[in-house]
1. Using modelled amide H (1.01 Å from N, peptide plane; none on Pro or chain starts), what sits under 5 Å from the amide H of G258, excluding residues fewer than 5 places away?
2. Give me the extension gain from S167 to N314: residue separation times 0.36 nm, minus the current Cα-Cα distance, reported in nm with one decimal.
3. Indicate the gyration tensor shape class of segment 100-189 (rounded, prolate or oblate), computed on the Cα atoms with a ≥ b ≥ c the square roots of the eigenvalues: a/c under 1.5 is rounded; otherwise a/b larger than b/c is prolate and the rest oblate.
4. For segment 261-292 and segment 94-161, compute the distance between their C-alpha centroids and round to whole Å.
5. Roughly speaking, what is the stretch gain from N84 to A339, that is 0.36 nm per residue apart minus the C-alpha to C-alpha distance, in nm to one decimal?
6. What distance in nm separates the simple spin-label points at T192 and A96, each placed 7 Å from Cα in the Cβ direction?
7. Where the accessible area of segment 173-263 is counted over protein heavy atoms with a 1.4 Å probe, how much of it, in %, is carbon and sulfur?
8. Amide H neighbours of F76 under 5 Å, counting only residues 5+ apart in sequence or on other chains, H built in-plane at 1.01 Å?
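The values are calculated or read from the model by the stated rules, or taken from the named source; none is laboratory data. These figures come from a predicted structure and were not determined experimentally. Cβ atoms come from the backbone with ideal geometry, glycine included; neighbour counts cover every protein chain shown. These area figures cover heavy atoms from the full protein model, side chains too; ligands, DNA and RNA do not enter into them. Shrake-Rupley method; radii C 1.70, N 1.55, O 1.52, S 1.80 Å.
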Amino acid sequence: MADVTVSGGSGNATVELNYNSQDTAYLNALALAQFIARDYGAGPVDDYPNPNTGDAPYLVVPQSAAVGATVNAQGFSAVTVQNNLGPVTVTGGDSAAQIVLAADGGMDFTASTGNTTVVAGGGNNRVTLGSGIDAAITSSGNDTIVSGSGFAAIDAGGGDNTVTTGSGGAIVTVEGDDTISAGSGLTAISVTGSGTAVVFDNLAGAIVFANGDAASTVYGGDGTVTASGGAGGGLLSGGSRGANSITGGSGAVTIVGGGGRDTLSGGSGSALIQAGTGNETLNAGSGADEFMFTPGSDAGPGAIDTINNFDVGNDTLWVGADQPADPGRIYALDHQTIANGSDTILLQDGTKLVLTGVSVELGSSSII
């Protein structure tokens, strides 16, 4: 959000402009494309000299380029793909700073080295990034974006998109319905508006996830997850590496722990929280929360799960049969002990639950 003061108006009126980083990148790319088109036209695929230095940093792929044409754009600092008839294949990169602008026809772009920024219009695009510091911004098509060993900033726009991040780490903005496969680097994901994401951690990396207004799904796999449920909620599952930190928001959410040492917290909406293996810290939120313990999900004898802010009469412990996610499994209460202002519950497999600040034994209305 930016405020611009218009001089000469009555009282210097303020005009409020709404834009985001994608809009800014698009406008910058559009300005460069207009410069190239104005000065050099849309002739055959060719390179054009820089009027200041006399070298050849610009490459233009015109509208007349055949569908399926293959273009070598390596080493150029700026490439415009003007075709809107159908996809072309472009090999880029190998430049200290390359920007690639594509129209609505779709593009299959690959850059293995160099620092590359790709801004693509409509159509279905496939963008494969490499070892540099890269960015890929696409529009409303169904796009596929793959990052590599370099760092990448990715925004696949609307549509049903597939994003795969690599070992170099990535920041991913979700606006459409995206499936994201997180690599071994840190993958930070932000879902905006009504966008949705299904996220898989396949290579024991770290995921940082912030949800938007619609339900999303995160599977932590062999990695670790830091996530917030936002207004959309959904299913947020920690990774087996443990030390997951997952917090619900205003939407209904299911939170599943991973490999121990997790912190799992409800928000203002309702939350179903399932502890993982090992010692867990579970925090009730202001909504109606349910805490579920199932055979095999906890470490058994010696495991201690601490539950903070448990609201007797509002929150529920599922430790018996007919649990919502595991009906018919018996994981029954052994006994309860009230001491030092806390209720300690021992389950039959040896798992200990400590409800801090609860000084009364829970009855059948709170334990199911």
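1. G238, N244, G276, T277
2. 48.5 nm
3. Oblate shape, in that a/c is at least 1.5 and b/c is the bigger or equal ratio.
4. So the separation of the two Cα centres works out to 38 Å.
5. In short, 84.5 nm is gained.
6. Taking the simple label geometry, T192 and A96 are separated by 3.1 nm.
7. 54
8. Sorted by chain and number, the residues that satisfy this come to none at all.
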